[in-house]
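Encoded as structure tokens, the structure appears first; notes follow it.
The values are calculated or read from the model by the stated rules, or taken from the named source; none is laboratory data. The structure presented is a predicted model; accordingly, all values stated were derived computationally and were not measured. Here the Cβ positions follow ideal geometry from the backbone for every residue, glycine too, while neighbour counts run over all protein chains shown. Only protein heavy atoms, including side chains, enter the accessible area calculation; ligands, DNA and RNA are left aside. Shrake-Rupley method; radii C 1.70, N 1.55, O 1.52, S 1.80 Å.
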Amino acid sequence: MALIVDFRSDTVTKPTQGMLDAMMTAKVGDDVFGEDETVNALEAKLSGIFNMEAGLFCPSGTMTNQIAIKCFTQPMDEVICDQTAHVYRYEGGGIAYHSMASVRLLNGQRGILTPELIEPEINEYNIHYPSSTLVVLENTVNKGGGSCYSLSQIEPIHTLCNVKGLKLHLDGARIFNALTATGDSAKNYGRYFDGISVCLSKGLGAPIGSVLLGSKETIRRAIKIRKAFGGGMRQAGYLAAAGIYALDNHIDRLVIDHQHAAILADALSKASYVASVMPVQTNIVIFQVASSHSAEVVVTLMASKGIACSITGKNTIRMVTHLGIDAGMIDFTLENIKNL
Ligand SMILES: *Cc1c(COP(=O)(O)O)cnc(C)c1O
């Protein structure tokens with residue numbers, strides 16, 4: 001049977017008709033010359049939303065994160081992040097490869113760091129030690145099952161970084177999910193971070209693209225690094241138009257994805273083959289299968305009913321809601337969860 005409901009990731013979303021129309025009619029130019037007005041408009045729009053000085057459109061979130069890390073470190077420096085961090089686990093070893101920096105891994109609660117966790121891990125100056133120069137937070141935390149920081153949790157981390165002279169970068173691949181869940185305003189983020197990566201191709205539904213936000217000086221440097229990474233694009237406005245459309249049309253609906261995730265979590269917690277479900281905060285549901293079952297068997301059974309999920313560990317399964325999942329698909333999935 002062909003899969004019909006795809007919960008593997010919020011990256012599987014396809015452009016809507018409205019988005020495609022916006023793309024087809026975009027005004028474009030050569031963005032390496034700075035002449036693509038749609039790319040410029042996207043960068044200005046997003047930096048305005050987060051109250052940052054400037055933005056840089058890139059093909060992927062991996063690229064925006066890696067450019068930021070390159071901007072904020074020198075070889076022999078050390079990056080502090082949670083052990084689940086995407087920048088460490090899922091970016092191909094890029095921190096070592098591009099930036100020649102080492103990494104100090106912390107153990108946050110579902111990936112959420114605190115000043116108390118960070119402070120003892122900051123190296124004071126000593127010729128033996130790598131220099132701690134950058135802290136990276138992730139909001140929401142992918143591996144944490146969509147757990148999120150509120151701004152009140154971020155503020156003291158920013159203060160610590162400021163006092164110790166460290167930069168602070170946000171991997172905000174799902175930052176709009178975090179804002180939806182916490183009710184925080186994006187406008188207040190600018191003052192806490194030196195860099196913010198925002199993905200347009202996750203729950204926002206664009207086919208491609210992430211934007212790095214920062215100061216004018218940071219983005220000036222980031223443009224050069226993007227070029228060296230091979231990420232300078234030409235008539236990229238066709239893609240940026242999808243991003244603008246997503247910001248205008250797909251943020252308000254994220255709350256629906258969160259409701260869908262909560263409904264799925266509730267049904268799963270009642271299923272005999274489920275041992276536990278991580279509390280849902282946003283659009284990601286991670287659950288552990290009972291010891292009498294294996295994740296592989298449950299995922300295969302789900303797939304045979306037309307429901308695609310992903311295995312994230314020997315006993316854990318992940319389901320992600322997104323704009324390709326509607327209420328009818330949730331009802332269908334609930335029936336199948338009950339009668340698997
Ligand atoms: C998806 C994701 C990224 C970026 O991924 P790309 O596929 O390179 O766009 C970065 N951080 C997190 C937490 C993610 O989930």
Problem set entry | Heavy-atom accessible area per residue - the chain, 1.4 Å, Å² | 43 Å²
For this session: May I ask for the net charge around ASN65, where only other residues with Cβ less than 9 Å from the Cβ of ASN65 are counted and Lys, Arg are +1 while Asp, Glu are -1?
Result: -2
Exercise. Where the accessible area of the range 59-126 is counted over protein heavy atoms with a 1.4 Å probe, how much of it, in %, is carbon and sulfur?
Worked result: 54 percent
Seminar exercise, completed: Here FRET efficiency (C-beta to C-beta, SER304 to GLN259, R₀ 35 Å, nearest 0.05) is 0.85
Exercise. In whole Hz, what ³J(HN,Hα) sequence does the range 193-198 give by Karplus (6.51, -1.76, 1.60; θ = phi - 60°), x for Gly and Pro?
Worked result: 10, 7, x, 9, 9, 10
Problem set entry | Hydrodynamic radius by Kirkwood, which averages 1/r over all alpha carbon pairs of the range 232-318, in angstrom | 15.1 Å
Exercise. If you plug each phi of the range 140-150 into the Karplus form 6.51 cos²θ - 1.76 cosθ + 1.60 with θ = phi - 60°, what whole-Hz ³J(HN,Hα) values come out, in order, with x for Gly and Pro?
Worked result: 6, 8, 4, 5, x, x, x, 5, 9, 8, 8
Exercise. How far is it, in nm, from the label point at ASP326 to the one at THR25 when both lie 7 Å from their Cα along the line to the Cβ?
Worked result: 2.4 nm
Exercise. Within the accessible area of the range 147-282, what % is carbon and sulfur when the probe is 1.4 Å and the other protein chains stay in place?
Worked result: 50 percent
Exercise. Could you name the aspartates and glutamates in cross-link range of LYS70, using Cα to Cα under 13 Å and dropping any fewer than eight places away on the same chain?
Worked result: GLU78, ASP194
Exercise. In percent, what relative contact order does the range 86-193 have, based on Cα pairs under 8 Å that are 6 or more apart in sequence?
Worked result: 24 percent
For this session: Can you list which of the trypsin sites (Lys or Arg not before Pro) found in the range 231-340 are DSSP loop residues with at most 15 other C-beta atoms within 10 Å?
Result: ARG234, ARG253, LYS270, LYS314
Problem set entry | Per-q log10 I(q)/I(0), the range 140-276, q = 0.12 Å⁻¹ (Debye; single scatterer per alpha-carbon; no solvent) | -0.61
